[in-house]
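Please read the structure below before turning to the comments.
The values are calculated or read from the model by the stated rules, or taken from the named source; none is laboratory data. In this text the structure is predicted, and so the values were computed from the model without any measurement. Ideal geometry is used to build each Cβ from the backbone, glycine not excepted, and the neighbour counts take in all protein chains shown. In case anyone asks, the SASA skips ligands and DNA or RNA and just uses the protein heavy atoms, side chains included. Shrake-Rupley method; radii C 1.70, N 1.55, O 1.52, S 1.80 Å.
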Protein chains: 2
Amino acid sequence: MAINKKSEFLSDEIYLSDFARTLGHPARIAILKTLAERHECICGEIVEVLPLAQSTVSQHLKELKNMGLIQGTLNGPKSCYCINWEKLEEYMDSFNKLTTELLTKKPTALCCK
Amino acid sequence: MAINKKSEFLSDEIYLSDFARTLGHPARIAILKTLAERHECICGEIVEVLPLAQSTVSQHLKELKNMGLIQGTLNGPKSCYCINWEKLEEYMDSFNKLTTELLTKKPTALCCK
DNA sequence: AATATATATCGCAAATATACGATTAAAAAC
DNA sequence: GTTTTTAATCGTATATTTGCGATATATATT
């Protein structure tokens, strides 16, 4: 690859693709579902639910946190995670805007005959 | 990584994460936007729009095609691409179901104090 | 027939992502 | 004060993704 060409795209496209890439692993979707269900979890609870080692789960949590989709606060030796709804909804809105934009351009006739 | 743990997740989570991963690169989002805008494009038109080499664009097109999101038909030496709306809407619906499912579980009180 | 055009594929290099065990750090329990 | 518990980080191995040039293939054009 040598050079990362990502920066040459529109910032909107980068923003959306970063969100999509973050959801691009089943573990991270499962984590969001678990957190939504339970409202908050300590790391260990999430590890129990996933078929992955603790260190791997910790990495996925870090990635979700870096994207702002979840937040974790220390609670003694434990670390309590929950969804950052504001941020999640912001990303969802952007995604919905894209899908709406695409759908409004859906042609009536068939293409590429 | 040694072993791919993806298969140990729920098929629904795998399905969604595959879709998300496919949108996880700005080039593929840009391709979908271009195809929606123009209804159909030959490969060369897409190459013109993107800041990537022809062979790289061809790879991204292949990935979108493998996921069923676009279809390409040969037209002489040219290859005409368009969006597979049925499939795209199917993925979007699944994604919307996830977001709805998450949002219905949004708590009223703050978590992780 | 020879040449030009268009695009898919191959082969390779580099970057990124995934996964785990081992270690570290910090608080809790004893 | 020592031990245990919890989770983050480090180091490392492997897999996957991204990107390009070169090549192959197939159709148009001349």
*What number goes with the only condition from (1) on the phi < 0 side of the Ramachandran plot; (2) open to solvent by 40 Å² or more (accessible area, probe 1.4 Å); (3) modelled with pLDDT under 95 that B:CYS111 does not pass?*
(2)
*Check A:THR100 against each of (1) surrounded by fewer than 18 Cβ atoms within 10 Å (Cβ to Cβ); (2) in contact with a Phe, Trp or Tyr (Cβ under 9 Å, 6 or more places away or on another chain); (3) under 30 Å from B:LEU32 (Cβ atoms) and name the one condition it does not meet.*
(2)
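Can we say A:THR99 is within 7 Å of chain B (Cβ to nearest Cβ) and within 10 Å of DNA strand D (Cβ to nearest atom)?
Spelling it out, it is not the case that A:THR99 is within 7 Å of chain B (Cβ to nearest Cβ) and within 10 Å of DNA strand D (Cβ to nearest atom).
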*Kindly indicate whether any position in segment B:60-81 is within 14 Å of DNA strand D (Cβ to nearest atom), open to solvent by 10 Å² or more (accessible area, probe 1.4 Å) and either among the aliphatic types (A, V, I, L, M) or in contact with a Pro (Cβ under 9 Å, 6 or more places away or on another chain) (or both).*
yes
*Since B:ILE3 meets every condition but one in (1) at pLDDT below 95; (2) within 8 Å of chain A (Cβ to nearest Cβ), which condition does it not meet?*
(2)
*Among the residues of segment B:64-76, is any over 23 Å from B:HIS39 (Cα atoms) and either modelled with pLDDT of 95 or more or within 7 Å of another protein chain (Cβ to nearest Cβ) (or both)?*
no
*Top-ranked residue of segment B:45-59 - restricted to ones that are near DNA strand D (Cβ under 7 Å from one of its atoms) and among the small types (Gly, Ala, Ser), ranked as surrounded by the fewest Cβ atoms within 10 Å (Cβ to Cβ)*: B:SER55
*Does A:HIS39 meet the test of being open to solvent by less than 30 Å² (accessible area, probe 1.4 Å) and either under 24 Å from B:SER11 (Cα atoms) or at the interface with chain B (Cβ under 9 Å from one of its Cβ atoms) (or both)?*
no
*Which residues, counting only those in segment A:19-56, are within 13 Å of DNA strand C (Cβ to nearest atom) and either among the polar types (S, T, N, Q) or part of a strand (DSSP E or B) (or both)?*
A:THR22, A:ILE42, A:GLN54, A:SER55, A:THR56
